[in-house]
1. Consider the range 310-337. How many of its residues are open to solvent by less than 40 Å² (accessible area, probe 1.4 Å) and either part of a helix (DSSP H, G or I) or within 15 Å of Val232 (Cβ to Cβ) (or both)?
2. Considering only residues of the range 92-112 that are free of Cβ contacts under 8 Å to residues at least 40 places away in the same chain and part of a helix (DSSP H, G or I), which is least open to solvent (accessible area, probe 1.4 Å)?
3. So which pairs qualify, if the first residue must be in the range 154-172 and touching a residue at least 24 places away in the same chain (Cβ under 8 Å), the second must be polar (S, T, N, Q) and in a helix (DSSP H, G or I), the Cβ gap must be under 8 Å, and the two must be at least 6 apart or on different chains?
4. Yes or no: the range 12-34 includes at least one residue that is open to solvent by 20 Å² or more (accessible area, probe 1.4 Å), modelled with pLDDT of 80 or more and out of contact with any helix residue (DSSP H, G or I) (no Cβ under 8 Å at 6 or more places or on another chain).
5. Could you run through the range 75-102 and say how many residues are closer than 14 Å to Thr122 by Cα and not β-branched (Val, Ile, Thr)?
6. Residues to consider are Gly322, Gly386, Gly359, Gly308; find the one that is touching a Phe, Trp or Tyr at 6+ places or on another chain (Cβ under 7 Å) and closer than 30 Å to Arg143 by Cα.
Amino acid sequence: MPSAGISRAPSLTAGFHQVWSSVVVSSLGDGLRLVALPLLAARLTCDPRSIAAVTLAGQLPWLLFGLQAGALADRIDRRRILWTVDVARALVVGLLAVAVAAHAGSIPLLAAVAFVLGCGQTLFGGAFSSVVPVLVEPAARPRANGRLQAGALISNTLLGTPLGAVLFAVTAALPFAVDCVSFALSAALLLPLRGDFRPAPAGGKPATLRRDAVEGVRWLWRHWVLRRLCLVAGIGNFVGAAVIAVLVLFAERSLHLDAMGFALLLSSSAVGGVAGATLAPRVFTRLGPGPLLRLTMAGGALCVALLGAATSAAVAGVAVVGYGAASVAWNVTAVSQRQELVPTALMGRVSMAYQMATGGAAALGAAASGLTAHAFGLRTPFFACGLLLVAACLLSPRPVRAQDECAGPNPAPAAADGSRG
């Protein structure tokens, strides 16, 4: 029997466990496709521009339709969006598996499939942003987000990616067929989900999707805490994409690793990520969100600089593990803060505006890293990124609790936007 004065942490609901299972199953399929799609593209062409076009096609929907997807998620039952999108993606990947088995694959087909799946992921992301706040009490959200991150990392990177390579070696169509099944199972898990996922009815005249999307951007811009958080997240995504963009060449030329060595180096980030996702809720409870955000950003800066200075695979592996832990712990904390501060009626629009900004920063980071490495050497991007993360640490918002809103230096917009205080 717990002693008086000691409060027990809120338990996670059966609905959350359904969502967690769906994420794990879907992430496994994502991991298979993550390695199989570029392998198939490389089998079809040796032109790096064509291979890059497939990747670009998958990223374009976030920039083209992200705001509209968020606005749509704030108008329609989010649960219906989730399972409908998963059914549609199962059909698309299933058709791709049939085409590959019939030796009818082509770069235009892969780019089209990547684009359609990217559209689905954009719609899914807008709706999913509101699911955890409905199913999980505020005090349990850091733990819930940590479990989601850890489950996705284990299923996607540690299991899905190597399994995808093995299945592709058996036959090129097999990883896509399994991915089709994973989407169908994910939809089956989401279909019976219980809870009120309908948006709150809007008063006054119905607004257009464009007006709704603009409202989400405007709300994010006026909310000084989330605006600062979005800026820091953008820097973090810039750095993450910059590191990934040159890591394969750095591993080959500076660390003298073969393909398997690079795969192990890359997968070590998931090991760190699982640790970060597991520890973040406990540290969140002990230190609070503000110190944790700054601590993880500072730790990430140190690890990126250490990676750039590494001359052995062992040191590089330690740096990548640490960077993965810091990145995921930061993300768990930031997502929990966004769920606390954004009203449910605006969650889809604000989350997608946030993700559009951070996604654009990632694209810039990849391009800048390649240019910097070409001009100044492969180690330079890592040192430059370490300095950027130090700046992000200094920019991290301090009063990030909802109850701190009115005490901040810019309280009027927060109060006007309906945030809790």
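The values are calculated or read from the model by the stated rules, or taken from the named source; none is laboratory data. Not measured: the values here are computed from a predicted model. All Cβ positions, even for glycine, are placed from backbone atoms using ideal geometry, and neighbour counts span all protein chains on display. These accessible areas exclude ligands, DNA and RNA; they are computed on the full protein's heavy atoms, side chains included. Shrake-Rupley method; radii C 1.70, N 1.55, O 1.52, S 1.80 Å.
1. Kept after step one, since they are open to solvent by less than 40 Å² (accessible area, probe 1.4 Å), are these residues of the range 310-337: 310, 316-317, 319-320, 322, 324-326, 328-330, 332-337.
Now narrow it down to the ones that are either part of a helix (DSSP H, G or I) or within 15 Å of Val232 (Cβ to Cβ) (or both): 316-317, 319-320, 322, 324-326, 328-330, 332-337.
Residues meeting the conditions: 17.
2. To start, the set of residues in the range 92-112 that are free of Cβ contacts under 8 Å to residues at least 40 places away in the same chain comprises 92, 95, 99, 102-104, 108-109.
Adding the requirement that they be part of a helix (DSSP H, G or I) leaves 92, 95, 99, 108-109.
Working: Val92: 37, Leu95: 126, Ala99: 20, Pro108: 97, Leu109: 54 Å².
Out of the qualifying residues, it is Ala99.
3. Final answer for the pair search is Ser155/Ser27; Asn156/Ser27; Thr157/Ser267; Thr157/Ser269; Leu158/Ser267; Gly160/Ser27; Thr161/Ser267; Pro162/Ser267.
4. Yes, that holds for at least one residue.
5. Here is the first cut: in the range 75-102, the residues closer than 14 Å to Thr122 by Cα are 78, 81-86, 88-89.
Still in the list and also not β-branched (Val, Ile, Thr): 78, 82-83, 86, 88-89.
So the answer is 6.
6. Numbers: Gly322 fails: touching a Phe, Trp or Tyr at 6+ places or on another chain (Cβ under 7 Å); Gly386 fails: touching a Phe, Trp or Tyr at 6+ places or on another chain (Cβ under 7 Å); Gly308 fails: closer than 30 Å to Arg143 by Cα.
After ruling out the rest, the residue left standing is Gly359.
One line per residue, one yes/no per condition, for (1) buried (at least 24 other Cβ atoms within 10 Å of the Cβ); (2) free of Cβ contacts under 8 Å to residues at least 24 places away in the same chain; (3) aromatic (Phe, Trp, Tyr); (4) in contact with a helix residue (DSSP H, G or I) (Cβ under 7 Å, 6 or more places away or on another chain):
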{"position": "Gln339", "(1), (2), (3), (4)": "no, no, no, yes"}
{"position": "Val342", "(1), (2), (3), (4)": "yes, no, no, yes"}
{"position": "Ala345", "(1), (2), (3), (4)": "no, no, no, no"}
{"position": "Ser351", "(1), (2), (3), (4)": "yes, no, no, yes"}
